[in-house]
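To start, the structure itself, in C-alpha cells.
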Amino acid sequence: MRLEGVELIRLRLPLLSPFRASVLTMEARDLLLLRVITRDGEGWGECGALPDPVYSEEYVEGAAHVLRTFLVPTLMQAGEITADAVAPLLARFKGHRMAKAALEMAVLDAELRARQMSLAAALGSTRDTVPCGVSVGMADSIPQLLDVVAGYLDQGYVRIKLKIEPGWDVEPVRAVRECFGDDVLLQVDANGAYTPADARLLARLDPFDLLLIEQPLDEDDLLGHAELARQLRTPICLDESITSARIAADAISLRACRIVNIKASRVGGYLEARRVHDVCRAHGVPVWCGDMIESGVGRAADLALAALPGFTLPGDTSASDRYFRTEITEPFLLVDGHLPVPTGPEIGVTPIPERVAELTVNRELID
Ligand code: OSB
Ligand code: MG
C-alpha cells in the first residue's frame, strides 16, 4: 500500500482516579493517536509515550515532532510499503521506538483491514481470552490501598501489581498479604526507583512469595540486575531495560531477569514484540503484557499479543473501566477475570468518531 497522509491526533482522556508511581502522578492520559490514510482504507495506531519523559526518554510532543519531521515523510516517500518494511525503512533514525511503533501499528492495521485478517491471526496467537491483572498505584495510606485492592479483587482481576518506591514497599506488600492471603497472585513494580545498595532492603520482600519484582534498578543497569538477582529469591522481571529482542537475549544470558514484561511500544512495535516473545519462549522465560495506560486502540492490539503462547503470566491489560469514564472504542469488559481477544479484521477495534472528537485536543494532517 501507499501512504497518502497521516493524521496526528492528540487526545486527553480523564482518568477515573489519579495513578501514582515512583516516576509520575497522572490525572488524565494525554496521548497521541495516529490515523494513516491509504487508497485501500485507513489504519489506526496508538503511541505509548507519556506526556513527560519520565518512564522512558520519549514523550508525546517529542514523538509528534519526530513523526512529523522524519518518520512520516520517509514512509510517504517510500512508495509501496508493507508493515514488515516499516522498521527497516525507519532504521536509520536512532531510537524513538514508541513513535516508530505507533506508525508501524497504523500501517499494520490498514494492511490487515485490506486483507480482512485479525492481528491475533497475523501474530499467531492461540487463545480467545486473556487473564488480566491490574496495576495499583501508590496510595496515601495503607487502608486506602487495601480498599482499592479489595475493589479490584471483587471485580475479578486475577493478579495484583503494586507500584513501589523506597518508603512504600515492604509495608504495603505485608498489608496486602495479611489482608487478602497467600493465594492472591501478587507482584511489585519499582520503575527503577532503587539502587544496587538497596539489595538488603529488597530482600525483605522475599518472604511474601511475590511472582516477581519489576525493574528495581535503572534501565541501563543489566549487570546490576544480574548481581541483585543473585541476592534475591524473588524473580526479577525487566520492563524499561528491554528495548529489543537482542537486549532481551542479552538480559537472559546475563541472568539479569527471569521474566520479561513486553510492551510493543517500548520495543518499537508489535512485530518486534513478537520477536521478544519468541526469544524468551526459546529460553523458557515467561513473559506478560505491560500497558502504558492505553486507550482501546492499544488495548485491542495488546490483547492479540498477550494471546501468544509464551504469555504465561497475567498482564496489565485491564478493562476500560479500570482507567477511563469514556473509552474511545467499544469498551473492553472484564468477564471472569479475562478480556476477549478481538477477532475482527485489523487490530480489532475502530475508534468511535464522536468519542474521539469529544476528547481531541489537537489534530494535524501530514500529507
Ligand atoms: O511500568 O508498567 C509500568 C504506567 C505508566 C508507565 C509505566 C508503567 C505503567 C503501568 C500501568 O504500570 C499499568 C496499567 O496500565 O495499569
Ligand atoms: Mg513497569
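The values are calculated or read from the model by the stated rules, or taken from the named source; none is laboratory data. This structure is a prediction, so every number in the text was calculated from the model and none was measured. Don't worry about glycine lacking a Cβ; one is built from the backbone with ideal geometry, like all the others, and counts go over all protein chains shown. Note: areas computed on protein heavy atoms with side chains; ligands, DNA, RNA excluded. Shrake-Rupley method; radii C 1.70, N 1.55, O 1.52, S 1.80 Å.
Scanning the stretch 30-51 for residues that are within 16 Å of ligand 2 (Cβ to nearest atom) and more than 21 Å from Leu108 (Cβ to Cβ) gives a single hit, Leu50. Only a single item in (1) within 16 Å of ligand 2 (Cβ to nearest atom); (2) of a type outside the set (A, V, I, L, M); (3) not in a loop (DSSP other than H, G, I, E, B) is not met by His65, and it is number (1). Only one of the numbered conditions (1) over 22 Å from Arg97 (Cα atoms); (2) within 16 Å of ligand 2 (Cβ to nearest atom) is not met by Leu15, and that is (2). Only a single criterion out of (1) part of a loop (DSSP other than H, G, I, E, B); (2) within 16 Å of ligand 1 (Cβ to nearest atom) is not satisfied by Val188, namely (1). Residues in the stretch 58-88 that are open to solvent by 30 Å² or more (accessible area, probe 1.4 Å) and of a type in the set (Asp, Glu): Glu61, Glu80, Asp84. Being more than 16 Å from ligand 1 (Cβ to nearest atom), within 30 Å of Arg39 (Cα to Cα) and in contact with a strand residue (DSSP E or B) (Cβ under 6 Å, 6 or more places away or on another chain) holds for only one residue in Ala110, Ala91, Ala120, and it is Ala110.
Every residue, every condition in (1) under 21 Å from Gly167 (Cβ atoms); (2) of a type in the set (Val, Ile, Thr); (3) under 19 Å from the mean Cα position of the chain (by Cα); (4) within 16 Å of ligand 1 (Cβ to nearest atom), yes or no:
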site: Asp206; (1), (2), (3), (4): yes, no, no, no
site: Ile213; (1), (2), (3), (4): yes, yes, yes, yes
site: Ala226; (1), (2), (3), (4): no, no, no, no
site: Ala229; (1), (2), (3), (4): no, no, no, no
site: Leu238; (1), (2), (3), (4): no, no, yes, yes
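Only one entry in Asp218, Asp198 is over 19 Å from Met292 (Cβ atoms), in a loop (DSSP other than H, G, I, E, B) and charged (D, E, K, R), namely Asp218. Residue-level analysis places Glu327 outside the set of residues that are more than 16 Å from ligand 2 (Cβ to nearest atom), open to solvent by 30 Å² or more (accessible area, probe 1.4 Å) and either in contact (Cβ under 8 Å) with a residue 40 or more places away in the chain or acidic (Asp, Glu) (or both).
Just for the stretch 333-367: of the residues that are at pLDDT 95 or above and touching a Gly at 6+ places or on another chain (Cβ under 7 Å), which one is least open to solvent (accessible area, probe 1.4 Å)? Among those that are at pLDDT 95 or above and touching a Gly at 6+ places or on another chain (Cβ under 7 Å), it is Gly337.
Return the residue satisfying two criteria in turn: it lies in the stretch 24-57 and is among the charged types (D, E, K, R) and within 30 Å of Ile164 (Cβ to Cβ), and of such residues it is most open to solvent (accessible area, probe 1.4 Å). Here the answer is Glu57. Applying the condition of being out of contact with any helix residue (DSSP H, G or I) (no Cβ under 8 Å at 6 or more places or on another chain) and more than 15 Å from ligand 2 (Cβ to nearest atom) to the stretch 248-287 and asking which residue is most open to solvent (accessible area, probe 1.4 Å) yields Arg281.
Do we have Ala203 as at pLDDT 95 or above and touching a helix residue (DSSP H, G or I) at 6+ places or on another chain (Cβ under 9 Å) here? Considered against the rule, which asks whether it is at pLDDT 95 or above and touching a helix residue (DSSP H, G or I) at 6+ places or on another chain (Cβ under 9 Å), Ala203 comes out as yes. Only one of the numbered conditions (1) within 16 Å of ligand 2 (Cβ to nearest atom); (2) surrounded by fewer than 23 Cβ atoms within 10 Å (Cβ to Cβ); (3) farther than 24 Å from Pro14 by Cα is not met by Met292, and that is (3).
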